[in-house]
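Accompanying notes for the structure given below.
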């Protein structure tokens, strides 16, 4: 995958959205992405994060669908 997947997190001090270090395990689960697939796609995982942001889940689902289309083509 050529595009870099960027997770969004809320800054604890300013409460603004910023780029995170990786997607949370909960976000991966909700998107249906396994750890093996995440590693294959180059998706960063932050095991310390507990929050699940809907924007990140949508990003992961889109990446999973793009990968599935590339595999079948």
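Quick notes on this structure:
- Potential extension, residue 61-residue 41 segment - 0.36 nm per residue separation minus Cα distance: 6.0 nm
- Across 51, 11, 24, mean-square fluctuation computed from a Gaussian network of the chain (C-alpha pairs under 10 Å connected) peaks at 11.
- Spin-label pair residue 54-residue 17: with each label point 7 Å from Cα along the Cα-Cβ axis, the two points sit 1.2 nm from one another.
- Note on the chain: with a GNM built from Cα contacts shorter than 10 Å, the maximum mean-square fluctuation among 15, 50, 39 falls on 15.
- When Kirkwood radius over Cα pairs in Å is calculated for this entry, the matching label among (i) 18.9; (ii) 17.0; (iii) 12.6 is (iii).
- Only helical runs count toward this figure. For the chain, summing -39,500 (n - 2.57) over DSSP H runs of n ≥ 4 and dividing by all residues gives -13500 deg cm²/dmol at 222 nm.
- Pair residue 6, residue 70: separation of 7 Å Cα→Cβ label points (nm): 1.9
- Relative contact order (%) - the chain, alpha-carbon pairs under 8 angstrom, separation at least six: 33
FYI, it's all coordinate maths here, none of it is from the lab. Please read all numbers here as calculations on a predicted model, not as lab measurements. Heads up, the Cβs are rebuilt from the backbone with ideal geometry, glycines too, and the neighbour counts pull from every protein chain shown.
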